[in-house]
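Here's the structure, in C-alpha cells; my notes come after.
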Amino acid sequence: MAVQTPRQRLANAKFNKNNEKFRKYGKKKVGKDDKKSAPLISRTWLGILLFLLVGGGVLELISYIL
C-alpha cells in the first residue's frame, strides 16, 4: 500500500467522518424497546370483520346451493 500524503490523509479523514454519521452496522438502535408492539386493530374489530367476511361467504354458498 502506498504512503498517503498529508492532503490525502485529510481527505480520507473527512470522508470517513462523513461516512460514520450514516453507517448503522454494529450499532444498537436507539429508542426502540424489545416489547411487542400493539396490533393495529383490536381483537374485537378483527372478530367483527372476520364474522362479516366468513358469514357473507357462507350466505353466498347457501344461496348458490338453494
- Please work out which one of (1) loosely packed, with under 10 Cβ neighbours inside 10 Å; (2) modelled with pLDDT under 90; (3) outside any loop (DSSP other than H, G, I, E, B) is the condition Lys32 fails and give its number. (3)
- Message: Just checking, does region 7-29 include any residue being in a loop (DSSP other than H, G, I, E, B), among the aliphatic types (A, V, I, L, M) and modelled with pLDDT under 95?
- Response: no
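The values are calculated or read from the model by the stated rules, or taken from the named source; none is laboratory data. Nothing here was measured: the structure is a model prediction, and the numbers come from that model. In this analysis, Cβ positions are derived from the backbone assuming ideal geometry, glycine residues included, and neighbour counts consider all displayed protein chains.
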